[in-house]
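This report concerns only the one structure given below.
Rule-based calculations on the coordinates, nothing more; no lab input. Just so you know, these numbers come straight off a predicted model, no measurement behind them. Here the Cβ positions follow ideal geometry from the backbone for every residue, glycine too, while neighbour counts run over all protein chains shown.
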Amino acid sequence: MPTESSLLRLVRPTIIDKAPPSTVIANSYSYFDNYARVVAELPHANIEQVVDLLHETYRRGRQVFLFGNGGSASLASHFACDLGKGTTIPNTPGKRFRVVSLTDNIPLITAWANDTAYEQVFAQQLCNFVEDGDVAFGISGSGSSPNVLVALQAARAAGAITVGLTGFKGGKMPGLCDFCIIIPSDNMQIIEDLQLGIAHALFTVVRHRITQEADHQADTAAA
């Protein structure tokens, strides 16, 4: 049976010297050191362009379609929830953000994958709904996910505006996107962390703008 002192040694935190700047991640210090350096290099001008695009898309009543694989699929669902629900103004009927995640209908995804190819699972869904002036928003850590690229191509063919959120050096997404946010990292976990952070930033700023407009309209109506 382990003694009390041996158990304490197991649960007491180990003191680790903070790692020097490096791309090698050997402990939590080095992870967050890398993370902080990537945050400092985020392309804020590109992020603000996408804020403007999403806000204008809301104002014009156009649709946003989100899609990705794995963690990016989860983010597509999360971001659609934020934009679709989080931008509503309580007790105020009016315009809603028209946003759909193409990662949520499992029967439809598996049907297209089984009957055509997995590369078609998002593009074929888009073909049912996307229209000129809508936004197709692809999420891919590598920027080279085939089904995301095919969907961006289909969206462009339909006259939609294409947006990418990716990492590394962008992969093949920049050539297919009107707007592309590239997280300057080659670490997939940090890329996924910051994809979520950027999605939250986009949502928060868009929500602020929508709320400001609603407040202004209410003040004008009451005057």
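Descriptive notes on the structure:
- A count restricted to the stretch 177-193 and to residues that are within 20 Å of D52 (Cβ to Cβ) and not β-branched (V, I, T) stands at 4.
- Among (1) surrounded by 14 or more Cβ atoms within 10 Å (Cβ to Cβ); (2) more than 24 Å from F168 (Cα to Cα), the one test that N114 misses: (1)
- Unmet criterion (only one of (1) in contact with a strand residue (DSSP E or B) (Cβ under 9 Å, 6 or more places away or on another chain); (2) without any contact (Cβ under 8 Å) to a residue 12 or more places away in the chain; (3) not polar (S, T, N, Q)) for P107: (1)
- Test: residue in the stretch 137-144 that is out of contact with any Ser or Thr (no Cβ under 6 Å at 6 or more places or on another chain) and not small (G, A, S): yes
A quick yes/no check of all residues on (1) of a type in the set (S, T, Y); (2) over 20 Å from L194 (Cβ atoms); (3) buried (at least 19 other Cβ atoms within 10 Å of the Cβ):
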{"position": "Q63", "(1), (2), (3)": "no, yes, no"}
{"position": "T87", "(1), (2), (3)": "yes, yes, yes"}
{"position": "N91", "(1), (2), (3)": "no, yes, no"}
{"position": "I109", "(1), (2), (3)": "no, yes, yes"}
{"position": "F122", "(1), (2), (3)": "no, yes, yes"}
{"position": "V130", "(1), (2), (3)": "no, yes, yes"}
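- Qualifying residue in the stretch 162-172 (condition: assigned to a helix (DSSP H, G or I), more than 28 Å from T88 (Cα to Cα), touching a residue at least 12 places away in the same chain (Cβ under 8 Å) and not hydroxyl-bearing (S, T, Y)): no
- Yes/no for A151 being touching a residue at least 40 places away in the same chain (Cβ under 8 Å) and assigned to a helix (DSSP H, G or I): yes
- Inter-residue pairs, beta-carbon under 9 Å, first in contact (Cβ under 8 Å) with a residue 12 or more places away in the chain and on the phi > 0 side of the Ramachandran plot and in the stretch 119-148, second buried (at least 19 other Cβ atoms within 10 Å of the Cβ) and of a type in the set (A, V, I, L, M), 6+ apart: G133/A160; G133/I161; G143/L149; G143/M173; G143/I182
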